[in-house]
Amino acid sequence: MAFTASSPSPSSLLRASFSPHEPKAPWASSASQSDQFSFISTAGPSCQIPSLLKPISAETHRSKSVVPLAAKVAAAEGDKNNVAEDYEKLAKEMENASPLEIMEKALVKFGNDIAIAFSGAEDIALIEYAKITGRPFRVFSLDTGRLNPETYQFFETVGKHYGIHIEYMFPDAVEVQGLVRGKGLFSFYEDGHQECCRVRKVRPLRRALKGLRAWITGQRKDQSPGTRAEIPVVQLDPSFEGIDGGIGSLVKWNPVANVEGPDIWNFLQVMNVPVNPLHSQGYVSIGCEPCTRPVLPGQHEREGRWWWEDAEAKECGLHKGNIKKEEALHLNGNGNEISATNGSANVPDIFNSKTLVSLSRTGIENLTRLENRSEPWLVVLYAPWCRFCQAMEGSYIELAENLAGTGVKVGKFRADGEHKTYAQQELQLGSFPTILFYPKHASKPIKYPSEKRDVATLLAFVNALR
């Protein structure tokens, strides 16, 4: 659970995360500190002040968004084009900036033409940072129609807490109807999540962004294996277009790109920010209800998403620009890794220990053929680039150390690249990591059925079979 991270003192967190300047709202200089971060709701019938903000979708001419009073007091200071700015240079200059400094820069630069993308998870930190700046800001979210009830309730809580109305985008009803009537409600379990995500998330997002010049996301480098490790704090969006159209017409800001998950949660705790109740049930990364589940000990946070697919490209399409062109050549239509290397030749090997036996292709083939073995074996099928394999490295090495001298051999077999097809056909490989137990007097290996990868659970599995 995310809240188990130890919390730093409020003063140290503020020093690390907050820029030293004061909020720039026009009323901040004459207000007390407690008033600087408060917003006056305009939702009541006696306060119907016309919004200065443009609708988030270019395809509609009205917006029901209600924004903080600051937005009514003064027009935003936004740039009207992205051409003059060198965003690669800006990203390098702001690489070590705090999330608050990056948020401030984004809101100042784009004013009413920028919005925060809110998924109903820990990215509420973005809204908190925006509030702290004292500047007007917009928030939008994608309602796929298949979110958890807790997420819908959380949206309402957030709106009331910050005095804002979240601008929701919905999928096209005709497209959803065609998908469901043609393939059923759960086709993604059979042929991958990309088609459903394209209808319910990507296309609504595309419509939303066509009404903006920039957007703000909660992407972090530590979130997803293979796709987010190199995201900059600001970039020209490689996948979507803004209001002016064309490549380079939309700027994408990632204020928490360099922040690690535990630090996000420390910040939310210290600032007493409301969070999605699903987090207390073991969910870390939260998406649609059928495609999200809690993570277990030893699992990476992103492993709770689309768990029936491989680990390499856990993206729904909203951030598909993270996948490099050369890497995309190694993915099939479902986002699953099918190539020989995926650039993994330069990735250092894992599960390195004197108590572990590294099996070659010939070694694993011989072990699998044997009907009677001198001793039982436990073998992990892995790929060194897989973040989920990396997450269980410590527990697996500890398990090997615990089993040393007990008569159980512990090994590893690298099953990606040219060995993957063999592993899928002969070794029951579904996704990385896969753990197999080879009994002493049985030819067929037994696949570890649980997603728990802590030492105690793995040891119980071994003891029950040996």
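The values are calculated or read from the model by the stated rules, or taken from the named source; none is laboratory data. This structure is a prediction, so every number in the text was calculated from the model and none was measured. Here Cβ is always computed from backbone atoms with ideal geometry, including for glycine, and neighbour counts include all displayed protein chains. Just so you know, the surface numbers come from the protein's heavy atoms only, side chains and all, with ligands and any DNA or RNA stripped out. Shrake-Rupley method; radii C 1.70, N 1.55, O 1.52, S 1.80 Å.
Fully extending the segment from residue 422 to residue 466 would add 13.2 nm, taking 0.36 nm per residue of separation and subtracting the current Cα-Cα distance.
Per atom type, segment 357-464 shows carbon and sulfur on 46% of its accessible surface, probed at 1.4 Å.
Taking 7 Å steps out from each Cα toward its Cβ at residue 190 and residue 281 produces label points 2.7 nm apart.
Remark: the residue 160-residue 243 segment gains 26.9 nm on full extension, using 0.36 nm per residue and subtracting the alpha carbon distance.
Applying 0.36 nm per residue to the separation of residue 108 and residue 370 and subtracting their alpha-carbon distance, the gain on full extension is 87.5 nm.
The label point for residue 293 and the one for residue 168, both projected 7 Å from the Cα toward the Cβ, are 2.8 nm apart. Under the definition of Cα pairs under 8 Å and six or more residues apart, what whole-number percent is the relative contact order of segment 87-322? Computed value for segment 87-322: 24 percent relative contact order. Overall shape: rounded for segment 132-291, with the ratio a/c of the largest to smallest alpha carbon gyration tensor axis below 1.5.
Using a/c under 1.5 as the rounded threshold, could you call segment 357-464 rounded, prolate or oblate? The axes a ≥ b ≥ c are square roots of the C-alpha gyration tensor eigenvalues, and prolate needs a/b larger than b/c, oblate otherwise. In terms of gyration-tensor shape, oblate. Within segment 419-451, whose backbone N sits under 20 Å from a point 7 Å along Cα→Cβ of residue 362? Counting backbone N atoms under 20 Å from the label point, the list is 419-420, 422-423. Ordering of 189-196, 120-127 by packing is 120-127, 189-196, highest average first (other Cβ atoms within 10 Å, averaged per residue). What's the local net charge at residue 195, with K and R +1, D and E -1, over the other residues with C-beta under 12 Å away? Around residue 195, the charge tally is +2. Solvent-accessible area assigned to carbon and sulfur over segment 126-248 amounts to 53 percent, based on a 1.4 Å probe.
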